[in-house]
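What follows is a set of notes on a single structure, which appears directly below.
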Amino acid sequence: MNRRPRSRDQTNRMARSQDDIFDEWLVLRCQDGEADALRELVTRWQPRLLRHARHLVGQSDEAGEVVQEAWLAIIRGIPRLRDPAAFRSWVYRIVSRRCADWVRRRQRDRAITPQTTTAPDTPAPTTVADSDCDELTDLRCAIRHLPAQQRTVLALHYLDGLSVREVAGALDIPQGTVKSRLHHARNTLREVIERTQQ
């Protein structure tokens with residue numbers, strides 16, 4: 001008995017996790033006007049979106065404000081979301097755009113009122129000095145020293161489990177750019193770890 005090969009869409013749909021399917025169900029319920037479903041989505045997604053915003057703006061208080069703004073856009077936009085399966089990359093994209101807006105406002109304000117601190121989107125140094133970390137072997141310390149763009153794609157891909165395609169959609173950048181940033185981030189981390197093991 002010959003079976004037809006599965007299309008890429010069928011394979012992607014089969015690869016979805018229970019969490020993804022549950023989120024899709026919640027989105028559909030939100031679109032039907034169920035307030036409980038919206039509360040559940042907020043509960044499930046608030047920590048992830050806060051973590052993502054912190055990677056982009058670098059400050060906890062401001063990240064919280066950005067995510068609050070993003071939730072307003074999410075609530076307004078969810079009735080028009082055509083594909084509930086796209087919810088994950090869609091919400092990350094909204095938060096990413098709100099963070100970009102925040103960074104632009106911050107830079108404009110600093111141009112008007114110069115301060116001595118550096119802008120939050122200034123890349124962190126890629127080398128780790130002894131004074132910067134108690135334990136140089138701590139991977140989290142090495143990650144903190146990556147440029148912000150590399151930290152963001154690492155977090156979305158490895159911590160939040162987004163595919164390269166989803167990361168590209170969330171950050172509104174080409175997939176090739178995501179792959180390049182992941183490649184450079186992994187190489188930088190490898191170099192840092194090798195230096196600390198010598």
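Couple of notes before you dig in:
- Residue list for segment 168-195, restricted to those being among the aliphatic types (A, V, I, L, M) and without any contact (Cβ under 8 Å) to a residue 60 or more places away in the chain: Ala168, Ile173, Val178, Leu182, Ala185, Leu189, Ile193
- Within segment 154-192, being buried (at least 16 other Cβ atoms within 10 Å of the Cβ) and farther than 21 Å from Arg97 by Cα holds for His184, Ala185, Thr188, Leu189, Val192.
The numbers here are math on the coordinates, done by the rules we state, and not lab data. Source: prediction; values computed, not measured. All Cβ positions, even for glycine, are placed from backbone atoms using ideal geometry, and neighbour counts span all protein chains on display.
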